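The values are calculated or read from the model by the stated rules, or taken from the named source; none is laboratory data. Quick caveat, the model's predicted, so the values are computed rather than measured. Glycine gets a Cβ as well: all are built from the backbone with ideal geometry, and neighbour counts include every protein chain shown.
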Amino acid sequence: MHALSWAGLDLDHPRVVGVLNVTPDSFYDGGRYADVGRAVAHAHQLADEGADLIEIGGESTRPGARRVPLEEERRRVLPVIAAVAREVTLPMAVDTSQPEIMQAAHEAGARVINDVRGFRHPGALATVARLRVSICIMHMQGEPGTMQDHPVYEDVLEEVARDLDGRAQAAQAAGVARDDIAVDPGFGFGKTQAHNLALLSGLGHLSGLGYPLMVGLSRKSLIGALTGRAPGERLAGSLAAAMLALESGARLVRTHDVAETRDVIRIFEATHGSSPIAA
């Protein structure tokens, strides 16, 4: 079994993706880091706490969110990416679906592109192939504005696996290297809580696709549904879910709480050792 890497990260060890939202309306940290100075300060904090990658997003994709105009997304993310690139040595990801933002973010210093829409916008796959960046393909049924209205699956695990594999194949056909592709099942993106639980229980099936598996469970509604707690009180539940994801082969944990998630990984590695997912 060969060593697994992605975006320059050695995935023999699980890695922490620190979330930096520069949006006014994200479900947990909306508005906290909309100012460039505060965003850079938080990037330093994420780095100090042990993040391996910082992900910057300028469009809230919480349930019910409206699309952000291209120029507004550009105004939000590009100054932050450029400022963080000057001051923090960690690799940066941008969370966007717009090819124009992908291009501009790369020019500003981003080296990873994460797309909740699976690079379905015209020109998205061609753009990331030309830029030779690493990408994360996420699964979402529908669009954020309506995705939670009535999500339906016959077999959520199999359908998500099939869609992610299909998008990964499309990316490779467009010229993206297989080693530059990670996948994310998209917890809470067009899924009921029953669907989310089925995905969490069956993550081993998704890690078996052979791509690094990223999970984003931090403080999400699934944690709230199971614990009855508001987003600000969901740390313990998020950490428990992160451990379950690691047990099932997740290599990248996307989180608002880097230091605490790093502790979870320490416990996981002490009891399991390095165990890269099957390729």
Just one of the numbered conditions (1) out of contact with any strand residue (DSSP E or B) (no Cβ under 9 Å at 6 or more places or on another chain); (2) under 27 Å from GLU143 (Cβ atoms) is not true of ILE267; which one?
(2)
Set ARG132, ARG162: member being in contact (Cβ under 8 Å) with a residue 40 or more places away in the chain, of a type outside the set (A, V, I, L, M, F, W, C) and farther than 25 Å from ILE223 by Cα
ARG132
Among the listed residues ALA105, ALA110, identify the single one that is among the hydrophobic types (A, V, I, L, M, F, W, C), under 16 Å from the mean Cα position of the chain (by Cα) and over 22 Å from HIS205 (Cβ atoms).
ALA110
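Would you mind stating whether GLU87 is of a type in the set (Asp, Glu) and free of Cβ contacts under 8 Å to residues at least 12 places away in the same chain?
Details: of a type in the set (Asp, Glu): yes; free of Cβ contacts under 8 Å to residues at least 12 places away in the same chain: no.
So GLU87 does not fit the description; no.
Here are some residues: LEU246, LEU217, LEU203. Which one is under 30 Å from ALA129 (Cα atoms), among the aliphatic types (A, V, I, L, M), buried (at least 24 other Cβ atoms within 10 Å of the Cβ) and modelled with pLDDT of 95 or more? So that I can check it myself, show each step before the final result.
Working: LEU246 fails: buried (at least 24 other Cβ atoms within 10 Å of the Cβ); LEU203 fails: buried (at least 24 other Cβ atoms within 10 Å of the Cβ).
One residue alone meets the criteria, LEU217.
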Testing GLY232 on (1) closer than 19 Å to GLU49 by Cβ; (2) modelled with pLDDT under 95; (3) surrounded by 15 or more Cβ atoms within 10 Å (Cβ to Cβ); (4) small (Gly, Ala, Ser), one condition comes back false. Which one is that?
(3)
Output for the stretch 196-227, where each listed residue is assigned to a loop (DSSP other than H, G, I, E, B) and among the polar types (S, T, N, Q):
SER218
